[in-house]
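Enquirer: Below is a structure I'd like to ask you about.
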Amino acid sequence: MIIKLANAKVYDPVHGVSGDVRDLYIRDGRLIAPPGPDERIDITHDLSGCIVMAGAIDIHTHIGGGKVNLGRLLLGEDHRHDMAARTDLKRSGGGLATPSTFTAGYRYAEMGYTACFEPAMMLANARQTHLEMADTPMVDKGAYVLLGNDDFLLQLMAKGADPRVIRDYVAWTLHSAQALAVKVVNPGGINAFKFNQRRLDLDEPNAHYGVTPRQILHTLSRALVELGVPHPLHVHGCNLGVPGNIETTLATIAGAEGLPMHLTHVQFHSYGTEGDRRFSSGAARLAEAVNANPNISVDVGQILFGQTLTISGDTMRQYAGCDHAHPKKWALMDIECDAGCGAVPFRYRDKSFVNALQWAIGLEIFLQVDDPWRIFLTTDHPNGAPFTSYPHLIRLLMDRNYRNEALSLINPEAAAYSNLASIDREYTLDEIAIMTRAAPARSLGLHDRGHLGPGAAADITVYREQGNPEAMFGRPALVFKDGQLVVRDGEIVLVVHGSTHVVRPEFDAGIERDLSDWYQRYASYAMENIRVTDEEIEDEGRGGIHVQACRDGEAT
Amino acid sequence: MIDSSHQPVPLNAVCPFCSLLCDDLRIAVDGQALTLIGPSCGKARAGFADGSIEDVPLVAGVQATHHQAIERAAALLAGSRHPVFGGLATDIDGMRTVMMLADRCGGSVDHMDGDTLARKNGLLATRGAISTTLAEVANRADLILLLGEDALGDGSRFIERCVTPGDSLHPERLAARELVVLAPRSAARALQGISVPTRHLPMAMSDAAEVASALRALLAGRTLAARAVAGIRTTDLAEVAARLAAARYAVIVWGKDLSSAPHSEVAMELLNELLKDLNRNTRAASLVLGGSDGAASANAVCAWQAGYGLRTSFASGGPEHDPTRFSARQLIEDGTADLLIWISAYATRQTPPADLDCPTIVLGRSGMRFDVVPDIYIPVGTPGIDHPGRLIRTDSSVSLPLPALRESGLPSVRQVLGQLAALVLP
């Protein structure tokens, strides 16, 4: 069967297509070259007046796993205020900050997203993370496994293990957790907090292992490069939220020494200490460093005003923030000599100097980083704001007048501290298509996603062209997932189960001898039992696995 | 995997009978008979020996075919205004299917240990928690304060696995480790022979709040006028408080004999607040043992699918949560629910409460016997014995796979509910 999308204005930056009116053809879930005159077109959608992009991809969104579930149990208010009733098609659920799994999948699809990536999966919790993602319909998914706070790695580093051993361990972890990438959260800091260290700067050693965050970053980055894993080390840096942390962030960028590195939710890591309040924007310096270092990519972690829940593996920094919890409750957990998690509810207020400046800093970063291929649109859902606020955020980026009106409503002192009003830049549709589709797909190594060339998966979003980007991006006219029409006029018309994306770099399985012994001595389960199998994810045909290729690594 | 000879074949097993999910069990399989070889645990021994492989359902107490039972159950479910899914002693996949049916049919969900879960969920939702997991306790703790005797004795391997493990990442912590037990005098026997220094301060579980309150006051530097609190000398409590403050990583552990006690919310909240106080200066965390009979799994699945823990109702078209109003008992007694679907795949004695007057479908472990004959009984297999399963552990961070040990032909809860759904749902 061939589906034709006719007369659409296509934005496909991978192929240099920028608003040209084109016809697209879908067969068997994939985009194809225009068929010959003899081939029958079964369905034609006339998309005159519409804009077509590849399905959007969220590179960093906390949608599943133990910490999210802890958040759901902690903040029932989020669900009481936002109940989503069942329909003939949809399961019930609800919640904005920590939506139920079904609701998360539906709402992403209803916004034109076709893939979402959970950035903080612990191996100890990988099975549950995959289960929650399996119950997240409509979208493809994948997860980044946490390393860098696990006692096994720190022990290896402390005794100066051969980099090949570390590389094998990283690869084994990717396989065992069924992960797409590796993330490090507060490198070594979660572990250090278990030893009662309350701060850990880039060159401060872990009190027990003597290993510094800089060493951890370098070790993991190098291992991933050698393994050929497409996505660079996904870094939640030191000192999240600490005034003055821009210095740490700049030092982290310099410390990458040219190795590829992705700095996540950089808004939370771009604070200076200038001014009477000792809190200022480091956005310009951050943007300058990103612009100057092509090995660096970032996502922003924009905050937007309102109630949310912060959930993070960064127990050290979450504990430091617990006095600001709103409402006044929080949960923290040390987990399995692997990592940890903390959930702290928070309400960002536009009249608060700090919150208002955080809002401005995020936008300043978006607008001052030049290359849309290296900056991705995120709110670090739900830490900066729920993902449902993306259309609003896109409007702030695309519409300077709208942005300046919003700026005039925030805490005036914060507004005065920001250079936002002086920035004229407005994101174009091309740039939005890059930062929400093409660039995340390229960064994650998803070769057949994020573009509309022949052979690509037919994950396609159709918007009605209109002056208000928030309205346009908030309610797509049509969404196709793997060639199937799943959303019409912003409503689900077909429920599908996406696939799970993973990488499987080659490694020497000899590492399992050491690991098996280690698990036997110290872990609370056998090594074999923590691995997530293909059968579990495939679940009798309900889920699929896409193994993404690794580059030829630089392993020796 | 089936063994037709009479030579028992030992298989590796993961134990589904308590929420510690020990995965180092060896089970002798002789035909369909299962015997625990080791390690020793009374709960596991009884659990593997329980049940049968009878697969004949009962409809109104009379033997029926599986098909007849499913059709009759489907008719009851289709005619129900508000079915309540109770018991919920199943695995993750069984619970996912329960949730699908409850949502689609406008029913509600509650676990057989729902009162305990409701307290735990309630405490988390009002105050939060600072907690830890089994491997952290085993490797990192230098002080373990245990309240109650649930984790002691032959029915739990908590002491063996977490208090006196053979090895530790941090041997200096293990070498320095002390165990302080606040529990009734009856705990004394189970404390003999524990290989770390152990101090038992006899305490009735109903006094836990008073003792926790005193400990918190002492930790805050206050002086208590009383010479004893709940029968414990104030000087002894002051010593415990001093050890908590001095510990590098203190863990306060309690089990069901605290969390299921009436009004235990106060004690648990005080312990949580005490832990938060301690973390101002040092590290400390709680470990709450519980969530057996699939409770941890059922609660987690309910949370990710509905956004709330158990005692959630879908009667209004979407999830609503109420820890008292939506207990299975309350819903049946006040006439809201008109059908009980009781799911109990682990222990044949865990039958529906005999005093509940309500049409009842039981999906129960094969071999169940009833004082009050349910309308329908469909025997099911046990996860980790008759079919593979997945369960979430007591600390709610780890989930483990449970391999099947025999081919009994008994269906899983997921399968039976799936058959029901196929008949009932459009």
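Enquirer: Which value, in debye to the nearest 20, gives the size of the charge dipole of the protein assembly as shown about its Cα centre, when Lys and Arg are +1 and Asp and Glu are -1 at the Cβ?
Expert: Value, rounded to 20: 1880 debye.
Enquirer: Another one. For an R0 of 51 angstrom, estimate the FRET efficiency from the Cβ-Cβ distance between B:A49 and A:D201 and round to the nearest 0.05.
Expert: Calculated value: 0.35.
Enquirer: Does anything in region B:139-162 have its amide N under 18 Å from the 7 Å Cα→Cβ label point of B:T282, and if so which residues?
Expert: Zone members listed by number: B:139-147.
Enquirer: Please give every one of the lysines within straight-line cross-link reach of A:K90, meaning a C-alpha to C-alpha distance under 26 Å, and leave out same-chain neighbours fewer than 8 residues apart.
Expert: A:K67, A:K141, A:K481
Enquirer: Based on DSSP, what percent of beta bridges with both residues in chain A are antiparallel, to the nearest 5?
Expert: 55
Enquirer: Expected output is a single nm value to one decimal: the length gained when fully extending between A:E405 and A:Q466, i.e. 0.36 nm times separation in residues minus the C-alpha distance. What is it?
Expert: The A:E405-A:Q466 span can extend by a further 20.0 nm.
Enquirer: Just grab the label-to-label distance for B:E160 and A:E413, each label 7 Å out from Cα along the Cβ direction, in nm (one decimal).
Expert: Here the answer is 6.2 nm between the modelled labels.
Enquirer: Return the percentage of antiparallel bridges among DSSP beta bridges fully within the protein assembly as shown, rounded to the nearest 5 %.
Expert: Percentage antiparallel, nearest 5: 45.
Enquirer: Hey, another quick one. Once both labels are modelled 7 Å past Cα along the beta-carbon direction, what's the B:A422-A:L494 spacing in nm?
Expert: 2.4
Enquirer: So, one more: Classify region A:1-96 from the C-alpha gyration tensor, please: rounded if a/c falls under 1.5, else prolate or oblate depending on whether a/b exceeds b/c.
Expert: prolate
Enquirer: Okay, moving on. Short version: ³J(HN,Hα) in whole Hz for each residue of region A:283-297, in order, from phi by Karplus 6.51 cos²θ - 1.76 cosθ + 1.60 (θ = phi - 60°), x for Gly and Pro, what are they?
Expert: Result, rounded to whole Hz: 4, 5, 5, 4, 4, 4, 5, 5, 4, 8, 10, x, 7, 9, 10.
Enquirer: Give me a single rounded figure for B:318-324: the average over its residues of other chain Cβ atoms within 10 Å of their Cβ.
Expert: 5
Enquirer: Across the residues of A:86-97, average count of Cβ atoms on other protein chains within 10 Å?
Expert: 4
Enquirer: Something else now. How well do other chains shield peptide B:279-289, expressed as the mean number of their Cβ atoms within 10 Å of each residue Cβ?
Expert: What the average comes to for B:279-289 is 2.
Enquirer: Is chain A best put as rounded, prolate or oblate by its Cα gyration tensor, with a ≥ b ≥ c the root eigenvalues, rounded for a/c under 1.5, and otherwise prolate when a/b is larger than b/c, oblate when not?
Expert: Here chain A falls in the oblate category.
Enquirer: Under 5 Å between amide H atoms, partner at least 5 residues away or on a different chain: which partners does B:V229 have, H built in plane at 1.01 Å?
Expert: The answer is B:T234.
Enquirer: If I model a spin label as a point 7 Å beyond the Cα along the Cα-Cβ vector, how far apart are those points for B:S316 and B:A78 in nm?
Expert: In this crude spin-label approximation the distance works out to 3.0 nm.
Enquirer: Does the protein assembly as shown come out rounded, prolate or oblate, given a ≥ b ≥ c as the square roots of the eigenvalues of its C-alpha gyration tensor, rounded meaning a/c under 1.5 and, failing that, prolate meaning a/b above b/c?
Expert: oblate
Enquirer: Going by average Cβ density within 10 Å per residue, which order do the peptides B:398-405, B:124-131, A:544-551 take, highest to lowest?
Expert: In decreasing order of mean packing, B:398-405, B:124-131, A:544-551 become B:398-405, B:124-131, A:544-551.
Enquirer: Can you list the HN-Hα couplings for region A:216-224, worked out from phi with the Karplus curve (6.51, -1.76, 1.60; θ = phi - 60°), rounded to whole Hz and with x for Gly and Pro?
Expert: With the stated coefficients, region A:216-224 comes to 5, 4, 5, 4, 6, 4, 5, 4, 5 Hz.
Enquirer: Rounded to the nearest 20 Debye, what is the dipole magnitude of chain A about its Cα centre when Lys and Arg each give +1 and Asp and Glu each give -1 at the C-beta?
Expert: 1080
Enquirer: Evaluate E = 1/(1 + (r/R0)^6) for A:D517 and B:V196, where r is the Cβ-Cβ distance and R0 equals 25 Å; express this FRET efficiency to the nearest 0.05.
Expert: 0.55
Enquirer: Summing +1 for each Lys or Arg and -1 for each Asp or Glu, what net charge is found among the other residues whose Cβ lies under 15 Å from the Cβ of B:A125?
Expert: +2
Enquirer: Can I ask one more? For the pair A:A284 and A:D42, what calculated FRET efficiency results from E = 1/(1 + (r/R0)^6), where r is the Cβ-Cβ distance and R0 = 51 Å, to the nearest 0.05?
Expert: It comes to 0.45.
Enquirer: Which whole-number percentage describes the relative contact order of chain A, with Cα contacts under 8 Å and a sequence gap of 6 or more?
Expert: It comes to 20 percent, rounded to a whole number.
Enquirer: Excluding residues on the same chain fewer than 8 positions from B:K43, give the lysines whose Cα lies under 21 Å from its Cα.
Expert: Within the straight-line limit of under 21 Å, B:K43 reaches these lysines: B:K256.
Enquirer: In percent, how large is the relative contact order of chain B, given Cα pairs closer than 8 Å and 6 or more residues apart?
Expert: Once normalised by length, the contact order is 25 percent.
Enquirer: Moving on. Please report how far the C-alpha centroid of region A:105-163 lies from that of region B:331-409, rounded to the nearest whole angstrom.
Expert: If you average the Cα positions of each part, the centres end up 33 Å apart.
Enquirer: Which of A:L363, A:A283, A:F305 sits farthest toward the positive end of the charge dipole of region A:281-396, with +1 on the Cβ of Lys and Arg and -1 on the Cβ of Asp and Glu?
Expert: A:F305
Enquirer: Starting from region A:154-257, pick out the GluC sites (Glu not before Pro) whose DSSP state is loop and whose Cβ has at most 14 other Cβ atoms within 10 Å.
Expert: Passing sites in region A:154-257 are A:E257.
Enquirer: Here is a follow-up. Return the sequence-ordered ³J(HN,Hα) values of region B:194-207 in whole Hz as given by the Karplus equation 6.51 cos²θ - 1.76 cosθ + 1.60 applied to θ = phi - 60°, using x for Gly and Pro.
Expert: 5, 8, 10, x, 10, 10, 10, 10, x, 8, 6, 4, 5, 9
Enquirer: Still on this structure, I have one more. Extension gain A:S18-A:I2, at 0.36 nm per residue separation less the Cα-Cα distance, in nm?
Expert: Net length gain for the segment: 3.3 nm.
Enquirer: Looking at chain B as a GNM with Cα springs under 10 Å, which of B:V180, B:V301, B:V14 has the largest mean-square fluctuation?
Expert: Of the options given, B:V180 has the highest mean-square fluctuation.
Enquirer: Of the GluC sites (Glu not before Pro) in region A:456-533, which ones lie in a loop per DSSP and count no more than 16 other C-beta atoms within 10 Å?
Expert: A:E465, A:E506
Enquirer: Sticking with this structure for a sec: Under 12 Å from the 7 Å Cα→Cβ point of B:E333, by amide nitrogen: which residues of region B:348-390?
Expert: Label zone hits: B:355-357.
Enquirer: Here's a follow-up. Would you mind calculating the gained length between A:H81 and A:D448 on full extension (0.36 nm times residue separation, minus the Cα-Cα distance), in nm to one decimal?
Expert: 128.3 nm
Enquirer: Sequence-distant or interchain residues sharing an amide H contact under 5 Å with A:D23, placed H: which?
Expert: Here A:N7 satisfy the definition.
All of the numbers you see were taken from the coordinates with simple rules; none came from a lab. Quick caveat: nothing in here was measured; it's all calculated off a predicted structure. In this analysis, Cβ positions are derived from the backbone assuming ideal geometry, glycine residues included, and neighbour counts consider all displayed protein chains.
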